[in-house]
1. Return the residues of the range A:312-324 that are within 14 Å of the chain's Cα centre (by Cα) and either polar (S, T, N, Q) or assigned to a strand (DSSP E or B) (or both); say none if nothing qualifies.
2. Being touching a Pro at 6+ places or on another chain (Cβ under 9 Å) and either among the small types (Gly, Ala, Ser) or assigned to a helix (DSSP H, G or I) (or both) is the requirement here; does B:Gly103 meet it?
3. Which of (1) within 14 Å of chain A (Cβ to nearest Cβ); (2) farther than 24 Å from B:Gly332 by Cα; (3) modelled with pLDDT under 80 does B:Phe188 not meet, given it meets every other one?
4. Of these, B:Gly261, B:Gly206, which one is within 27 Å of B:Leu88 (Cβ to Cβ) and part of a helix (DSSP H, G or I)?
5. What number of residues within the range A:292-305 satisfy the criterion of being closer than 12 Å to B:Thr212 by Cβ and within 8 Å of another protein chain (Cβ to nearest Cβ)?
6. In the range B:43-67, which residue that is within 11 Å of another protein chain (Cβ to nearest Cβ) and out of contact with any Lys or Arg (no Cβ under 7 Å at 6 or more places or on another chain) is surrounded by the fewest Cβ atoms within 10 Å (Cβ to Cβ)?
7. Here are some conditions: (1) part of a helix (DSSP H, G or I); (2) of a type outside the set (A, V, I, L, M); (3) within 24 Å of B:Gly339 (Cα to Cα). B:Gly120 meets all but one. Which one does it not meet?
8. Which strands (runs of 3 or more DSSP E) sit wholly inside the range A:64-124 and have at least 2 residues that are more than 20 Å from A:Gln323 (Cα to Cα) and within 14 Å of another protein chain (Cβ to nearest Cβ)?
Amino acid sequence: MTTSSLTRRRFTAGLAGTALLTALTACGGSGDDTADGASDQGGAGGWTYTDGRGVTLELDAMPTRIAAFADYALVLLSYGITPVAVFGRTDVASDPRFAEHDLSDVAIVGNAYGEIDLEALATAAPELIITGIYPTDREGTLDTEGVLYAFADLEQQGQIEKIAPVAAVVVGGAGLEVIEALVELSEAVGADPAAIASAKTGFETARDALTAACEARPEIELTRLYADASGIYLVKTADEPVTQMYAEFGVRLTTLVTDGDFYWDIYSWENAADMMTGDVLLLSDEGFQQADMEAQPTFADDPALVAGQVVVWPNGVMSYAYQAAQMTALAETITTAQDVVPG
Amino acid sequence: MTSDAPPRTPSRTAPPPTPAVGGPPTAGQALSRTGVAALVVLGAVAVSLLLGSNAIGPGAVLERLLHPALDEGAIVWGSRVPRTVLGLLVGAALGIAGAVMQGQTRNPLADPGIFGVSAGASLAVVLGVYVAGVTSVLGILWMSFLGAVVASVAVFAIAALGRSLSSPVPLAIAGTAVTALLTAITSFLVLTDQSTLAAYRIWVVGSLSGRTLEGIGPAIVMALAGLVLAAANIRSLDMLALGGELAQGLGENILRARLVGLGAITLLTASAVALSGPIGFIGLTAPHIARAMVGAGHGRLLPAAGLVGAGVLLLSDVIGRLIGGTGEVSVGVVLTVLGGIVFVMIVRRSRMAAL
């Protein structure tokens, strides 16, 4: 419980008292000369930021050279900040989510999970590195001793922390809180609040349209899933920030079990029939795709699959603009979908 | 005086006597034990059909087996039958390939991957997906077969160019080098192009679940050809067990023996790997279990290794289905845990030395 209240108030702009209090933990967290430099300067000119873990980062001035994991780099880009380096879990150059952004001045320093080219990252000379941390349970417990998301192991994390201090964004709990945390972080590194406010207006318009679409078609159920040879991974609506947010806005998402395993329930191919309650499949862009699903005899008669109602759904980017576009697409899907599963 | 005094503690310097567990099994023992292994495989087939992560009763399974039209959700005919057939074929092929490999190299730690077969198959699948856009099961089958053949021919050529083939060492070194090179190229391609390699990513996680029987025809033909070569290699394997030089002295044609053995390993492994993706531990442990049962003579060892491979793979798959709740634990994970335990037990029995 304390952890989640901590994550809610993670940005402590101007709270000198908090900064002083957490400076000790910051030394433990980043543990290099950056923290020392900041304390030498002290006072008004310095930049501090407390990340999702509660670790306070201190720099002499606001960092302008940012390196980030792809999902958060996309958030920065959508708020007008171009990072100097990006590392992704998949190939960044061909990632469709980057299609609308110009990456010519961005160093791509990683294209697979944990495979980060440290030399290239150091050459890009970032002043701040942004990655994520996922809770380990639905209470929001953070394993702050463990390795952060996107890093291979603690050894690599230590090397990355020597290049620049690392800020970790909590990707868990309510989707809106994740969006807001990233807004705070983006503003802390210089994003224009007016541009963000205008993006938020667009987001709210799309949200209202989505809610209206759901109210018009309450019978349409969407299933967010990933599949591979071992079976189907059904995302638990309340455990994943994006689905949590959509559900909050009125989207009916397949929710069969709310307790038990965190984040998703796994259905072997033999048990696939147990989760075939949705009218539309929101299928992860990784793992099995539509043709692979159709080749599975135990899933071939899924009504949504038979009706061809399969939408490839990549990992969500938690920015107002990106989510506005996603929700507009979702509203369109819900409005046009056939109700193939009665009830 | 002191020399006559009995030692207070048992001497630690003398090696413990080798446990004389009746010596190598007799022909009758070997035959009956092979029969037991065959019965275990039959039992494993029955269990594999009857038990799964979906708890439909045995009666319902039998009914669905007899009347495919009643097989609602295709659980029996769409999931259990294919994975049982795959388990039999893949387990037997890997078990026999492992036995031939260990005999050829006289290395108890050799598995079918040591000659670059698996690495070659992986690279060819990646190239097929990457260059030619292959995504069909059949396409992947042919690519992995082609890669396995090319890799083993390369390994053989490198070893044959260098030194005499009577020692298994050049083959093992060439195999290790080629495996390292091919694996490096595969990793490079996989890391540089994440998005287009989805078909490879699905294949490379060895599994009996989620696979279809598409392409099983060519794979069976391949496996049968490998089986014929393995049978033809039995006498040579027994000779090679005496050491390459001695076998040569006894009139064994080493080049022919190596070629036939390599052909058997390549065909058997390629057919297995093409169907299920790479599955570890079977090729390594099945021959050891079989050797403990029927002795080191390859005439008895190869059939026993095939039966043990099929039985162990099927039973491991069934265990994985039963311990994952509504999901399943992958057969690779079960094999690693189970195979590790069995391997330690086998190693603790000194029979392994009788390779």
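1. A:Asn315, A:Ser319, A:Gln323
2. yes
3. For B:Phe188, the failing item is (3).
4. B:Gly261
5. 6
6. B:Ala55
7. (3)
8. Qualifying strands (runs of 3 or more DSSP E): A:85-87, A:107-112.
The values are calculated or read from the model by the stated rules, or taken from the named source; none is laboratory data. Just so we're clear, the structure is a prediction, and the values are computed from it rather than from any experiment. All Cβ positions, even for glycine, are placed from backbone atoms using ideal geometry, and neighbour counts span all protein chains on display.
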